[in-house]
Amino acid sequence: MEGDESRDALASMKMPRRPINFVPAKSGEILKLGHITCRIMEDGSRTDNRIGSAEFTLPPHTSGPPAHWHEMHDETFLITAGTVRFHAPDHTHIDAKLGDYVTVPTRAPHTFSNPFDEEAKFFNTFTPAFYIDYFKILAEMSKGDEKMGREKNLEVMRRYATVEAEELVREMREEAEGEGHGK
């Protein structure tokens with residue numbers, strides 16, 4: 001057991017021999033979530049589930065998941081290409097660009113999208129890492145789907161203590177309808 005080895009090394013003040021993990025730029029587990037690509041870089045198996053991470057690629061004019069909040073984990077987002085729009089309650093949003101960093105703590109209602117004309121990418125972390133399995137299950141359920149489906153998304157979210165933010169969904173719908181009427 002690696003943890004026992006580390007504790008024993010600490011007790012005896014010897015350096016532990018626990019391996020580090022290297023994920024080359026073009027590797028990692030690739031998942032298709034409809035039109036969104038997810039590259040798992042750390043699934044938690046090497047961190048005792050303390051942290052998981054993935055890279056997401058959003059094509060232009062892409063909606064993200066239904067607005068939601070997490071009861072059991074925090075997320076961070078580092079924008080690595082394009083612009084990602086983060087939606088929050090009370091008709092607010094943030095357009096995060098290359099190099100910008102967004103932290104979404106437990107119980108913070110949010111979603112994201114790429115309403116712009118160029119592809120966007122972000123590096124995403126999850127603590128704890130168990131939420132990585134949400135993406136794996138969603139990818140399996142949505143094989144062959146052209147777009148990421150709302151109902152499938154919500155079904156899998158519920159398995160991971162993630163709650164739909166219905167008020168935020170309504171606000172976003174109202175904004176979209178207002179834009180459609182030239183407001």
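Counting 0.36 nm for each residue step from Asp133 to Arg173 and taking away their Cα separation leaves a gain of 11.5 nm.
Mind listing which GluC sites (Glu not before Pro) in the range 1-80 are in a DSSP loop and have 14 or fewer other Cβ atoms within 10 Å?
Qualifying residues, ordered by number: Glu71.
Roughly speaking, to the nearest percent, how much of the chain's 1.4 Å accessible area is carbon and sulfur? The nonpolar share, carbon plus sulfur, comes to 55 percent. Kindly provide log₁₀ I(q)/I(0) values, in the same order as q = 0.15 Å⁻¹, from the Debye equation applied to equal alpha-carbon scatterers of the chain. Taking Cα atoms of the chain as identical point scatterers yields -0.90. The residues of the chain present an accessible area of 58 Å² per residue when probed at 1.4 Å with all protein chains retained.
Taking the Cα centre of the range 59-183 as reference, the dipole from Cβ charges on Lys and Arg (+1) and Asp and Glu (-1) amounts to some 300 debye. Between the Cα long axis of helix 166-180 and the first principal axis of the chain there is an angle of about 40°, rounded to the nearest 10. Largest accessible area first, the listed residues Asp133, Asp90, Asp48 line up as Asp90, Asp48, Asp133 when surface is computed with a 1.4 Å probe on the assembled protein chains. By how many degrees, 0 to 90 and rounded to 10, does the Cα axis of helix 132-141 deviate from the longest principal axis of the chain? Taking the Cα atoms of the chain, the angle to 132-141 is about 60 degrees. Shown here for the range 1-69: trypsin sites (Lys or Arg not before Pro) in loop regions (DSSP other than H, G, I, E, B) with at most 14 other Cβ atoms within 10 Å, namely Lys14, Arg17, Lys26, Arg50. Taking a straight Cα-Cα cut-off under 16 Å and skipping sequence neighbours fewer than 8 places away in the same chain, the aspartates and glutamates within cross-link reach of Lys14 are Glu2, Asp4, Glu5. Excluding same-chain neighbours fewer than eight residues apart, the lysines reachable from Lys136 by a Cα-Cα span under 18 Å are Lys32, Lys147, Lys152.
Mind checking the dipole of the range 5-61: about its Cα centre, +1 per Lys or Arg Cβ, -1 per Asp or Glu Cβ, Debye to the nearest 20?
Dipole about the Cα centre, nearest 20: 140 debye.
In a fully extended conformation the segment linking Lys147 and Thr47 would gain 32.8 nm over its present Cα-Cα distance, using 0.36 nm per residue.
Computing FRET efficiency as 1/(1 + (r/R0)^6) for Thr106 and Leu154, where r is the C-beta to C-beta distance and R0 is 22 Å, gives about 0.70.
The simple spin-label model puts a point 7 Å past each Cα toward its Cβ; for Ala11 and Val163 those points are separated by 4.3 nm.
The values are calculated or read from the model by the stated rules, or taken from the named source; none is laboratory data. None of the values given here were measured: they were computed from a predicted structure. Note that we place each Cβ from the backbone using ideal geometry, even for glycine, and neighbour counts take in every protein chain shown. Ligands, DNA and RNA are stripped out before the accessible areas are found, and what is left, the full protein with its side chains, is counted by its heavy atoms. Shrake-Rupley method; radii C 1.70, N 1.55, O 1.52, S 1.80 Å.
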